[in-house]
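Peer 1: Structure incoming, see below.
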Amino acid sequence: MGVYSVKSRFQKSLAPIETTLVRRGVHPDYITISALVLSIGGGAAFYLSDWSRWLLLVIPLVAIGRTALNALDGLVATRTGLARPWGEVLNEFADRLADVALFAGLALAPGVSFRLAVATMVLMLLSSYLGTVAKAAGGRREYGGIMGKADRMLLMAAFAVAATSLSDYPVLNAYLWVVLGGLVVTLLQRGRKIHADLQSVR
């Protein structure tokens, strides 16, 4: 379901970078924070796109970079034996901050519906919360659904590029509508999957 279904192949493609980071002794927490900083830069690019529409071309780099870094922090933590509960908390919290940074910048971008962006952000955070609370209830962290984080990033990259050449059309609003609809479906998909998984935990 969604891009998450090819996660293992994506992780394998990052093996050379993972090895380099491990050899250089880069702590996984630094990778997590780097993804957050990159996302803040992406939010700023959205916000400043009124000054130059070409700043939107930064977004694909941010989307791909963030997705890669989000995978690498876990890979490096596991390989170096640094995986720990606090690292998981930091990763989840930094991920949510990164989501807010990107979508807050998008909400303030020229021509974007602020209310639509906020509604999308709320559903996005609820979707992530549902995935994490499943683990708190004794199940597994749920990442599935048609509009997971990787799916949102891939679509964001594509729509941002389209927006640079279609400035007369509400391309970024169209992106938000697609994500909003996908998140509604994702909430239903995750809820059903979590409910089924937790039946065996009783």
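Peer 1: With springs only between Cα atoms under 10 Å apart, run a GNM on the chain and tell me which of 164, 186, 120 wobbles the most.
Peer 2: 164
Peer 1: Give the accessible surface of the chain per residue, rounded to a whole number of Å², with probe radius 1.4 Å and ligands, DNA and RNA excluded.
Peer 2: So the chain comes to 53 Å² accessible per residue, rounded to a whole number.
Peer 1: With a 10 Å radius around each residue's Cβ, average the other Cβ atoms per peptide and rank 19-29, 99-109, highest first. Numbers along the way, then the final one.
Peer 2: Working: 19-29: 14.1, 99-109: 21.9.
Final packing ranking: 99-109, 19-29.
Peer 1: Under a crude label model (7 Å from the Cα following the beta-carbon direction), how far is residue 48 from residue 126 in nanometres?
Peer 2: 3.4
Peer 1: For residue 129, tell me the accessible area in Å² from a 1.4 Å probe, rounded to the nearest 10.
Peer 2: In the full protein context, residue 129 sits at about 140 Å².
Peer 1: What length, rounded to one decimal in nm, is gained on full extension from residue 158 through to residue 37, with 0.36 nm per residue of separation minus their alpha-carbon distance? Provide the component values of the computation, followed by the final result.
Peer 2: Details: separation 121, 0.36 × 121 = 43.56 nm, distance 2.12 nm.
Result for the pair: 41.4 nm of gain on full extension.
Peer 1: In deg cm²/dmol and to the nearest 500, what is the mean residue ellipticity at 222 nm of the chain if only DSSP H runs of at least 4 residues count, each as -39500 (n - 2.57), divided by the residue total?
Peer 2: Roughly -25500 deg cm²/dmol at 222 nm, from the helical runs in the chain.
Peer 1: Sum up the charges of everything whose Cβ sits under 14 Å from the Cβ of residue 104, counting Lys and Arg as +1 and Asp and Glu as -1, but leave residue 104 out.
Peer 2: Net of charged neighbours comes to +1.
Peer 1: Roughly how many Å is it from the Cα centre of region 34-74 to that of region 132-202, as a whole number?
Peer 2: If you average the Cα positions of each part, the centres end up 18 Å apart.
Peer 1: Just by accessible area at a 1.4 angstrom probe, what is the order of 154, 123, 97, 14 from largest to smallest?
Peer 2: So the residues, ranked largest to smallest area, are 154, 97, 123, 14.
Peer 1: Let me ask another. When the accessible area of region 21-155 is split by element with a 1.4 Å probe, what percent falls to carbon and sulfur?
Peer 2: Carbon and sulfur together cover 70 percent of it.
Peer 1: Further question on the same structure: Quote the accessible area belonging to residue 142 in square angstrom, nearest 10, computed with a 1.4 Å probe and with ligands, DNA and RNA left uncounted.
Peer 2: 20
Peer 1: When the Karplus curve 6.51 cos²θ - 1.76 cosθ + 1.60 is applied with θ = phi - 60°, which whole-Hz ³J(HN,Hα) does each residue of region 135-144 get, with x for Gly and Pro?
Peer 2: Couplings: 5, 4, 7, x, x, 10, 5, 9, 10, x Hz.
Peer 1: Tell me, what is the percent relative contact order of the chain, built from C-alpha pairs under 8 Å that lie six or more residues apart?
Peer 2: 27
Peer 1: Once you place label points 7 Å from the Cα toward the Cβ at residue 140 and residue 197, how far apart are they in nm?
Peer 2: Using points 7 Å along Cα→Cβ, the separation is 0.6 nm.
The values are calculated or read from the model by the stated rules, or taken from the named source; none is laboratory data. All of these numbers come straight from a predicted model, not from anything done at the bench. Cβ atoms come from the backbone with ideal geometry, glycine included; neighbour counts cover every protein chain shown. Side chains included, ligands, DNA and RNA excluded: accessible areas come from the protein's heavy atoms. Shrake-Rupley method; radii C 1.70, N 1.55, O 1.52, S 1.80 Å.
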